[in-house]
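A short reminder: the numbers here are calculations on the coordinates, not readings from a lab. Since we're looking at a predicted model, the values are computed, not measured. Don't worry about glycine lacking a Cβ; one is built from the backbone with ideal geometry, like all the others, and counts go over all protein chains shown.
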Amino acid sequence: MKRAPATAKLNLALVVGRLRDDGKHELTTVYQRLDLADRVAVTPAPRLRITGFAEDTLVTSALEGLAEAAGVPPGWEVRLTKKVPVAAGLGGGSSDAATALRLANETLEEPLPSAGLDELAAKVGADVPFFLTQGPQLGEGDGAALTPLALPQDFWVVLVLPRGAVKLSSAAVYAAFEEREGAKGYRSRRAALRRALRETKRARDLARLPPNDLESSPLTAELLGLGAFRSDVTGAGPVVYGLFQHLETARAARAALKAHGRTWLTAPAWYG
């Protein structure tokens, strides 16, 4: 049996452009791993079986793709222990898929090279390749084209999943984006993101990153009022995050926000 954590992620920034010919939107995002993680255990088995999360589709897709690419039957049992909230903008399903893909590949007599795993991961989801990397990454194109980033990692993260919040489908989120002509000014927002990254030397400099193009929340103002130096929605939401310089301030903010929904206190992670 092979086991590993499958970490959550934040989109520390997300700027979105036009709809491309392939039906996906052009975007630029900053991926950051978190020390909040599911657990994934993979064991060779007579057939593919996923336990622990009945709604899984991504792990199944990833391992069926691996089996086809490797020319072997899809013979693994995968046990998922969920800690990352589902459909929250934290990439838990994508991380599970990438982690299962990596572990299952290690069980093969002839494992696929890393480039082959990256290609398979991108077919499962645009953010899945990120979870095969180390450290923060700049995601471009549809989010799957990655460039490592040297970002400060000395901060604390408070996550809030607002009570009663329901994640909209990706189609609905992007339809609303198109309706408000959100792609206008994409180049200038992307330039601002790149400039902010160049100027980031300390954790507090992350406050210069532009806000999320897809979603916003009134909780961001509350987190800033409680001492966060940056707050935004991650991905398409609904989780809202706040970045804090000091642990005690982060703890106090988490306690103050518990009335709004589920909360977590976590920190950056370098690798799953």
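Numbers at a glance
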read-out	value
Positions within the range 81-116 being more than 14 Å from S61 (Cα to Cα), assigned to a helix (DSSP H, G or I) and among the aliphatic types (A, V, I, L, M), in sequence order	L103, A115
Any strands (runs of 3 or more DSSP E) falling wholly within the range 117-166 and containing at least 2 residues that are over 23 Å from V16 (Cα atoms)	156-162
Residue in the range 244-254 that is in a helix (DSSP H, G or I), closer than 22 Å to V30 by Cα, out of contact with any helix residue (DSSP H, G or I) (no Cβ under 6 Å at 6 or more places or on another chain) and polar (S, T, N, Q) present	no
Sole exception among (1) under 15 Å from L36 (Cβ atoms); (2) out of contact with any Gly (no Cβ under 8 Å at 6 or more places or on another chain); (3) of a type in the set (S, T, N, Q) for T234, by number	(2)
Within the range 55-79, tally of residues that are in a strand (DSSP E or B) and out of contact with any helix residue (DSSP H, G or I) (no Cβ under 6 Å at 6 or more places or on another chain)	2
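Quick grid of which residues meet (1) closer than 26 Å to V239 by Cβ; (2) surrounded by fewer than 16 Cβ atoms within 10 Å (Cβ to Cβ); (3) over 16 Å from the mean Cα position of the chain (by Cα):
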| position | (1), (2), (3) |
| --- | --- |
| L90 | yes, no, no |
| T99 | yes, no, no |
| S114 | no, yes, yes |
| L120 | no, no, yes |
| V124 | yes, no, no |
| P129 | yes, no, no |
| T133 | yes, no, no |
| Q137 | yes, no, no |
| G143 | yes, no, no |
